[in-house]
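Only one structure is covered here, and it is reproduced in the block below.
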Amino acid sequence: MLVFAASDKGGTGRSVTSANLAYQRALAGDHVAYVDFDFGSPTAAAVFDVPGAMRGTEEQGLHSYLEGAITEPARIDVWRQTEHPLLRSRPNQSGRLVLFPGDAGGGEFVTDEHALERCVDLLLRLNGEYDLIMVDLSAGRSYAVDMALKATAHPRMRHVPFRWLVFHRWTRQHVIAAAGLVHKDHGIIKGGVDRGHDKEALEGAIRFVRAAVPDPESPLWSHGTPAQAAWMQACDEALRRLAADHGIGDSVVLGVVPLEPILQWREQLITEEDVLATQIANKETLEALEEIARSLTDDSCWGRP
Ligand SMILES: Nc1ncnc2c1ncn2[C@@H]1O[C@H](COP(=O)(O)OP(=O)(O)O)[C@@H](O)[C@H]1O
Ligand SMILES: [Mg+2]
């Protein structure tokens, strides 16, 4: 299955959350590919702690592949190449976890018909090799989003199941922006229908993930004054109403990732050790990530295919 990770804005938590979802699925035994189609900011390796590729690979990565310079993009075996001390030995029962990085110095580029065909070739090949392919897309209504919509509407891809996760933070601007990315005139649904997708099927394949959401009830925030607590509650409720009014209410939310102090400091994978042994991460964060990872392939969380 293909899972596209999109967001209208940058800094939503899209890459960090989707890398953690990929990690969780690999831990659970799936073979997982993480494809960095965030062309303008090829930084996925930083989350996986892969040295030397923090700003894209120095070898020929996805930019070179899509431009036709090579036939096989560079791949990074995360279990083998990560510097994260706990990940370096591949956990028992885990599946492969492979990162397809962009080129160092690569930027956004207009994707033509040839790039689209290469993209379809790659996704088909990966779909044969991996259980889950997580594709991180450049923010906004980007060329990457467009290519994903065209590729999944392509006749050669008809049999390949796909889903979309749209990430946003829990603020007014982010809620409105995420709703716009999906529902507005040039949004994913309209754009997808123009490229040959069935509207209902595409709508059914899109879910939202609220990232870095402060929980007024959590110990992190409960030390504030009663006035602050009441204000946060009211704000939270207002945001819920706003989201519902914009068509991104609870019924289309796949999950909520709490605000995690570690992730505010450092983009990284959250491990069980971070919660149980060193206790630097919150249990709620890991549980939320595990739950969303499970829900990715739980049909009851998704609309009619
Ligand atoms: N649940 C979270 N709690 C706190 N900070 C987070 C959370 N998720 C992500 N972040 C942080 O927010 C910043 C932006 O996240 P990132 O995944 O790079 O966003 P995007 O890919 O949408 O641009 C990063 O510094 C990241 O570590
Ligand atoms: Mg990112």
Label-point separation in nm, E272 to E129, each point 7 Å along Cα→Cβ = 2.8
Could you list which residues have their amide H under 5 Å from that of K9, counting only those 5 or more apart in sequence or on another chain, with H placed in the peptide plane?
-> G140
For G52, enumerate residues with amide H under 5 Å from its amide H, sequence gap 5+ or separate chain, H modeled in the peptide plane.
-> none
Could you pull the accessible area for F109 with a 1.4 Å probe, rounded to 10 Å²?
-> 30
For a paramagnetic label modelled at 7 Å from the Cα of R172 toward its Cβ, which residues of region 190-234 fall within the zone defined by backbone nitrogen distances under 15 Å?
-> 232, 234
Size of the dipole of region 146-294 about the Cα centre, Lys and Arg at +1 and Asp and Glu at -1 on the beta carbon, nothing else charged, in debye to 20?
-> 760
Note: probe point = Cα of V253 + 7 Å toward Cβ; backbone nitrogen < 18 Å; residues of region 142-177 passing the test are 165-177
How much length is gained on full extension from D298 to A244, taking 0.36 nm per residue of separation minus their Cα-Cα distance?
-> 17.1 nm
Kindly provide the pair-distance distribution of the chain built from C-alpha pairs, with 10 Å bins from 0 and whole-percent values in order of increasing distance.
-> 6, 28, 36, 22, 7, 1, 0
Region 9-167, convex hull of Cα, quarter of hull surface, nm² -> 8.6
Please give every one of the lysines within straight-line cross-link reach of K150, meaning a C-alpha to C-alpha distance under 23 Å, and leave out same-chain neighbours fewer than 8 residues apart.
-> K9, K184, K190, K199
With label points set 7 Å from each Cα along the Cα-to-Cβ direction at F109 and C235, the distance between them in nm comes to 4.2
Would you mind getting the accessible area per residue of region 155-305, heavy atoms of the protein chains only, 1.4 Å probe, in Å²?
-> 56
Cα lying deepest toward the dipole's positive end in region 103-157, options T111, L132, H154, charges on Cβ = H154
Global size of region 119-245 as Cα Rg and Dmax, reported in angstrom | 18.4, 58
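Quick check on packing: order 151-162, 198-209 by the mean number of other C-beta atoms within 10 Å, highest mean leading.
My ranking of the peptides, most packed first, is 198-209, 151-162.
Only four residue types carry charge here, +1 at the Cβ of Lys and Arg and -1 at the Cβ of Asp and Glu. Report the dipole size of the chain about the Cα centre in Debye, rounded to the nearest 20.
Values: 30 positive and 43 negative charges, 83 e Å.
The calculated dipole for the chain is roughly 400 debye.
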Quick one: with all protein chains in place, what share of the accessible area of the chain is carbon or sulfur, to the nearest percent (1.4 Å probe)?
-> 51
So who's got an amide H within less than 5 Å of the one on F162, skipping anything under 5 residues away but keeping other chains? H placed 1.01 Å off N, in plane.
-> L2
Roughly what % antiparallel, to the nearest 5, for the DSSP beta bridges in the chain?
-> 5
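The values are calculated or read from the model by the stated rules, or taken from the named source; none is laboratory data. Because the structure is predicted, anything quoted here is derived from the model rather than measured. Virtual Cβ from ideal backbone geometry, glycine too; neighbours counted across all protein chains shown. Surface accessibility is based on the protein's heavy atoms, side chains included, excluding ligands, DNA and RNA. Shrake-Rupley method; radii C 1.70, N 1.55, O 1.52, S 1.80 Å.
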